[in-house]
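The values are calculated or read from the model by the stated rules, or taken from the named source; none is laboratory data. Source: prediction; values computed, not measured. Cβ placement follows ideal geometry from the backbone for every residue including glycine, while neighbour counts extend to all protein chains displayed.
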Amino acid sequence: MNTGKKLQSADNQQVSKNVHDDYFSGFVDGEGCFYVGFSKRTDLPLGWQIITEFHVSQNPGSINVLKMLQKRLECGYLKPNHAKNNSDKTWIYIVKERKDLLLKVFPFFDTHPLQTTKHTDYLLFKKVVKLIEKKNHLTREGFQDIVNLVFSNKRETRKRYTKEILLHF
């Protein structure tokens, strides 16, 4: 008899009934990411695509928290974090639809603010998405503004492209 699994399952069911929004905010503070990336695209006028995604990852034993967050925000999807990597069993909740970011994710975090330095990441991410929504990214100047904004964040990241490469057209 495996009581560990039963206990974990019972705990997960109990948690899912009454989760406060501030719990989700704190959870995202620890496990979330507001991602802005760039992808080389020769088929686009400026040669670059700007990718904006909200991510939260979790080990398989706690996937229920990702499901509850997805249900609460009423958008996004779940998938294995690295499906082709057998050693990485984590799951990821992703919201990339701009409409969902604008109408569901942003109002949530504006009402339930993040408490760590991730709040700065969120504000920067929100600015970028709003600039894209205004189609600023389609002009050379607007694209440069977004690149400068993204690189104004001094946090260490593993960016594929440098600011200089992105601004060199």
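Could you list, in sequence order, the residues of the stretch 113-169 that are of a type in the set (A, V, I, L, M) and not in a helix (DSSP H, G or I)? Quick ask: steps written out before the conclusion?
So in the stretch 113-169, the residues of a type in the set (A, V, I, L, M) come out as 114, 123-124, 128-129, 131-132, 138, 146-147, 149-150, 165-167.
The one that is of a type in the set (A, V, I, L, M) and not in a helix (DSSP H, G or I): 114.
Here is a yes/no grid of residues against (1) out of contact with any strand residue (DSSP E or B) (no Cβ under 6 Å at 6 or more places or on another chain); (2) at pLDDT below 95; (3) surrounded by fewer than 16 Cβ atoms within 10 Å (Cβ to Cβ); (4) not charged (D, E, K, R):
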position	(1), (2), (3), (4)
68	yes, no, no, yes
71	yes, no, yes, no
74	yes, no, yes, no
83	yes, yes, yes, yes
88	yes, yes, yes, no
92	no, no, no, yes
95	no, no, no, yes
100	yes, no, no, no
104	yes, no, no, no
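Which of the numbered conditions does residue 137 fail, given that it passes all the others? Conditions: (1) more than 18 Å from residue 39 (Cβ to Cβ); (2) touching a residue at least 24 places away in the same chain (Cβ under 8 Å); (3) not hydroxyl-bearing (Ser, Thr, Tyr).
(1)
For residues that are farther than 14 Å from residue 125 by Cα, in contact with a helix residue (DSSP H, G or I) (Cβ under 9 Å, 6 or more places away or on another chain) and in a strand (DSSP E or B), tally how many sit in the stretch 82-107.
3
Select from the stretch 106-136 the residues that are among the hydroxyl-bearing types (Ser, Thr, Tyr) and within 14 Å of the chain's Cα centre (by Cα) and write down the one among them that is surrounded by the fewest Cβ atoms within 10 Å (Cβ to Cβ). Spell out how you get there, then give the answer.
In the first step, residues of the stretch 106-136 are kept if they are among the hydroxyl-bearing types (Ser, Thr, Tyr); the result is 111, 116-117, 120, 122.
Narrowing the set further to residues that are within 14 Å of the chain's Cα centre (by Cα) leaves 120, 122.
Numbers: 120: 15, 122: 22.
Applying the filter and picking the extreme gives 120.
This table checks each residue for (1) in contact with a His (Cβ under 6 Å, 6 or more places away or on another chain); (2) assigned to a loop (DSSP other than H, G, I, E, B); (3) over 21 Å from residue 98 (Cβ atoms).
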position: 22; (1), (2), (3): yes, no, yes
position: 27; (1), (2), (3): no, no, yes
position: 44; (1), (2), (3): no, yes, no
position: 53; (1), (2), (3): no, no, no
position: 61; (1), (2), (3): no, no, yes
position: 64; (1), (2), (3): no, no, yes
position: 68; (1), (2), (3): no, no, yes
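State which residue is farthest from residue 146 (Cα to Cα) when the search covers only the stretch 45-66 and only residues that are of a type in the set (A, V, I, L, M, F, W, C), crowded, with 17+ Cβ neighbours inside 10 Å and touching a helix residue (DSSP H, G or I) at 6+ places or on another chain (Cβ under 8 Å).
If we take residues in the stretch 45-66 being of a type in the set (A, V, I, L, M, F, W, C), crowded, with 17+ Cβ neighbours inside 10 Å and touching a helix residue (DSSP H, G or I) at 6+ places or on another chain (Cβ under 8 Å), then 65 is farthest from residue 146 (Cα to Cα).
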